[in-house]
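Below is one structure, written out as structure tokens; comments come after it.
The values are calculated or read from the model by the stated rules, or taken from the named source; none is laboratory data. The structure presented is a predicted model; accordingly, all values stated were derived computationally and were not measured. Cβ placement follows ideal geometry from the backbone for every residue including glycine, while neighbour counts extend to all protein chains displayed.
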Amino acid sequence: MSVAATSFNVEAASKISGVSKRQVQYWDKAGLVAPSVQAARGRGSRRRYSFEDLLDLRVIARLRETGLSLQKVCKVVAHLHRHHRELRRPLAQHRLVTDGATVFRILDDTNAVEDLLQGGQVVVFVINLTSVWNETQSGLARISDPRAFEVRHGGKNYAVTLTPDLEDGGWVAECPSLPGCISQGDTLAEAKRMIREAIFAWLAAVAHERRDTGRGIAQRSRR
């Protein structure tokens, strides 16, 4: 899957980043990680996150895991955006370390560290962006893998592929052996039910067409 051309709804962002849906939505309102593809615009609108947004979510989650308060995380994010405007993703593009009390930015050019909260003690926790990237990629692969099941009809099994829709939500179901036989559902159970009905309707339409064709041939042969 190409992460550059894909956006993710709140549910997918939550599953991939390991951050709860409530936290994802709250962090947007708090100004920590806003969905860069599409912001929420009133009741019923959908947030859409980019893959880079998911990296930011996971970095913040790592900071919170060390015991860093949300207030301090907000100060770190504000500092990075204020002092590193030249970077598109300052949170995920810096090497950060924290001891749970403060956060340091490692300066590549001087091998020094910058205390982003102007304080702190011994550094005991390192945020490895490569690890964050790999874990986010792994989360994406885990929830985007298609599922398979079979629908039995007329003594024959029909293979069905179920693929999660990470952008709009729900599932897309397709029966590859029946061209154009596709359906969808908001839940996995609904998608299975809908594709089963679609298969039955597809087969019924083909059977009806064959009967009509057979009648036409029979009528012509009697003339």
| Taking into account only those residues within region 67-105 that are within 23 Å of Val37 (Cα to Cα) and in a loop (DSSP other than H, G, I, E, B), which is nearest to the chain's Cα centre (by Cα)? | Arg89
| query | How many residues are surrounded by 15 or more Cβ atoms within 10 Å (Cβ to Cβ) and more than 19 Å from Thr130 (Cβ to Cβ) if we restrict to region 11-29? | reply | 11
| query | Got at least one residue in region 51-63 being part of a helix (DSSP H, G or I), more than 20 Å from the chain's Cα centre (by Cα) and either under 18 Å from Ser131 (Cβ atoms) or not acidic (Asp, Glu) (or both)? | reply | yes
| task | Return a yes/no flag: does region 88-105 have any residue that is modelled with pLDDT under 85, over 18 Å from Asn134 (Cα atoms), of a type in the set (D, E, K, R) and in contact with an Asp or Glu (Cβ under 7 Å, 6 or more places away or on another chain). | result | yes
| message | Looking only at region 144-167, how many residues end up being of a type in the set (Lys, Arg) and exposed (fewer than 13 other Cβ atoms within 10 Å of the Cβ)? | response | 2
| remark: For region 1-47 the number of residues that are assigned to a loop (DSSP other than H, G, I, E, B) and modelled with pLDDT of 85 or more is 16
